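Asks: Have a look at this one before I ask anything.
The values are calculated or read from the model by the stated rules, or taken from the named source; none is laboratory data. Predicted, not measured: the structure shown is a model, and the values here were computed from it. Cβ placement follows ideal geometry from the backbone for every residue including glycine, while neighbour counts extend to all protein chains displayed. The area values use the complete protein model at the heavy-atom level, side chains included, leaving out ligands, DNA and RNA. Shrake-Rupley method; radii C 1.70, N 1.55, O 1.52, S 1.80 Å.
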Amino acid sequence: MRASHLRAIPSVDKVLRSLGDTGLPGPVVVDAVRRSLKALRSKKAIPAAAAVVAGIRSSLASLRASRLTPVINGTGILVHTNLGRAPLGSDGIRALTAIGANYSTLEYALDAGARGGRAAYLEHCLAILCGAEAAAVVNNNAAALLLILEHFCTEASREVVISRGELLQIGGGFRIPELLEASGARLREVGTTNQTTARDYARAIGRDTALLLKVHRSNFFMDGFVESPSTEELAMLARSKRIPFVEDLGSGAIIQTQSVEGLEHEPTPAEVIRHGVDLVCFSGDKLFGGPQAGIIVGRRRMVESLKREPLFRALRCDKLILAALEATVDAYLRGDPRIPVLEMMQVTNEALRGRAAQIVTALDGLTLTVRIGAGRAQIGGGTLPRSALASVTIDVKHPTLGAQALAARVRDQAVPVIGYVSRGSLKFDLRTVFPEQDGDVIRALRAVASE
């Protein structure tokens, strides 16, 4: 490359001065600038300096947008995996602050003044909450299932008997069969996609059987010519064959979900334990309403043996997760769980319409067209796929911008607001917007209208 061609590339210092304050750490900005300028050396034509700076500024904006940022969820999906699943309640937030800002008794016994166990109180309370003999906690539900398989699948018996109708895929492209095989287990599929009986399980059990596994269909449903054995039937079969029976519930519902209008019944850990399951695993950050965690409850002998597995140490939770989960469990046991996901499920449409009316009034006189609409909120997070909650929306149109462009502008505000587009309008479902966030929604829409 000619020297004159290279001289057209601006210096790092010149670009940095042009960029000014980007809101990112200095070394991050310098690295981005150097990478961009290096890439120019292989170009046949060098853009003008202003265009180079603009390109770098754009790439830094994309990088900045990838940081963890609080957003307002106006999608109407309560347990939104992409937006962090269930938000923590006030008790959990206070616990995070208290434990995160100080030293703690993570593995210290105050009474003995020496090293103690980890998560003893939490495990004790989880067992009580779920009606189980014992409990253990790891970092997510996939880890919980992996730990169970690692323990029970030995050289002598590696087969896991599971219905073909339960070989599902969970979020992010993770598939139950792949998770099982990664643990070294061998799948013994029984029945068909829509028809599996207890006899199918019984015929598959043999010398190589490690356990029976039932996976709750939490993120899809089958209807029509469908049959599957009950938990009680499989529990009786497992006991008669003296093999463990494990159920992956996924969602972690503690309340009776069918008590909320519009929701179907979701099995609870206590329910399946009563029906004879040996071990149950579920997520901490779905309907349970806590932090990300994989919770295992069941027979004491089995839970204690899982905790002795070397893999358990690699999967265990840190002090912040344990603190937030402990506070969430305490809230349930006190009988007054102020869990955000439960409150969103139970808020009335009358209350939502009152808030909607105030928002519309506050936006009166702007160039935007703002109306109160109707929505159908969903639980999300691979939970209750047939259920929907009647809801109230704020429907917004811009005089010149299309709905998708308007959605992008609102996401680009100081406090990003995430909505969804339907029938040519940008909609914000108030069931998933906290009342204290209504002011931020108003400010975001006013800012867009004034641009």
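Asks: Mind checking which lysines have their C-alpha under 17 Å from residue 214, skipping anything on the same chain fewer than 8 residues away?
Replies: 241
Asks: Please work out the FRET efficiency for the pair residue 120 and residue 305, using the Cβ-Cβ distance as r and a Förster radius of 22 Å; give the result to the nearest 0.05.
Replies: Numbers: r = 17 Å, r/R0 = 0.78.
Efficiency, from the Cβ-Cβ distance: 0.80.
Asks: So, one more: Do you know the relative contact order of region 12-118, to the nearest whole percent, from alpha carbon pairs under 8 angstrom that are 6+ apart?
Replies: Relative CO of region 12-118 lands at 16 percent.
Asks: Per residue, how much accessible surface does the chain expose to a 1.4 Å probe? Answer in Å², no decimals.
Replies: Working: 22540 Å² over 451 residues.
I get 50 Å² per residue for this part.
Asks: If each residue of separation counts as 0.36 nm, what is the full-extension length gain between residue 353 and residue 423 once their alpha-carbon separation is subtracted?
Replies: Values: separation 70, 0.36 × 70 = 25.20 nm, distance 2.06 nm.
The span from residue 353 to residue 423 would gain 23.1 nm if fully extended.
Asks: Could you work out the relative contact order of the chain? I mean the mean sequence separation of Cα pairs under 8 Å and 6+ apart, divided by the number of residues, in percent.
Replies: Details: 789 pairs, mean separation 90.7, N = 451.
Reported relative contact order: 20 percent.
Asks: Please give the residues of region 392-415, grouped as numeric ranges, whose backbone N is less than 14 Å from a label point set 7 Å along the Cα-to-Cβ vector of residue 61.
Replies: What the label zone holds, given the 14 Å backbone N cut-off, is 408-414.
Asks: Quote the FRET efficiency, to the nearest 0.05, computed for residue 374 versus residue 39 with a Förster distance R0 of 56 Å and r equal to the Cβ-Cβ distance. Could the numbers behind the result be given before it?
Replies: On the way: r = 50 Å, r/R0 = 0.89.
The value I calculate is 0.65.
Asks: Let me ask another. When the chain is fully extended, how far beyond the present Cα-Cα distance does residue 436 get from residue 236, taking 0.36 nm per residue of separation? Please report the intermediate quantities before stating the final value.
Replies: Values: separation 200, 0.36 × 200 = 72.00 nm, distance 5.05 nm.
Extending this stretch completely gives an extra 67.0 nm.
Asks: Still on this structure: Once R0 is set to 41 Å, what does the formula 1/(1 + (r/R0)^6) return for the Cβ-Cβ distance between residue 98 and residue 6, expressed as a FRET efficiency to the nearest 0.05? Each step should come with its number before you reach the end.
Replies: Numbers: r = 57 Å, r/R0 = 1.39.
After rounding to 0.05, the efficiency reads 0.10.
Asks: Would you kindly state how much longer the chain becomes between residue 446 and residue 400 on full extension, computed as 0.36 nm times their sequence separation minus their alpha carbon distance, in nm to one decimal? Please list the in-between numbers first.
Replies: Numbers: separation 46, 0.36 × 46 = 16.56 nm, distance 1.52 nm.
So the extension gain works out to 15.0 nm.
Asks: Still on this structure, I have one more. What's the ranking of 101-112, 152-163 by average number of surrounding C-beta atoms within 10 Å, highest first?
Replies: Details: 101-112: 10.2, 152-163: 18.7.
In descending order of packing, they fall as 152-163, 101-112.
Asks: Okay, moving on. In the chain, what percent of the accessible surface is made up of carbon and sulfur (1.4 Å probe, ligands and nucleic acids excluded)?
Replies: Working: 11480 of 22540 Å².
Result for the chain: 51 percent of the exposed heavy-atom area is carbon or sulfur.
Asks: Another question, then. Run the quick spin-label model on residue 49 and residue 181: label points 7 Å from Cα toward the beta carbon, then report their separation in nm to one decimal.
Replies: 5.8
Asks: Quick one: ranking 313, 67, 85 by accessible area, 1.4 Å probe, largest first, what do you get?
Replies: Working: 313 150, 67 125, 85 65 Å².
Sorted by accessible area, descending: 313, 67, 85.
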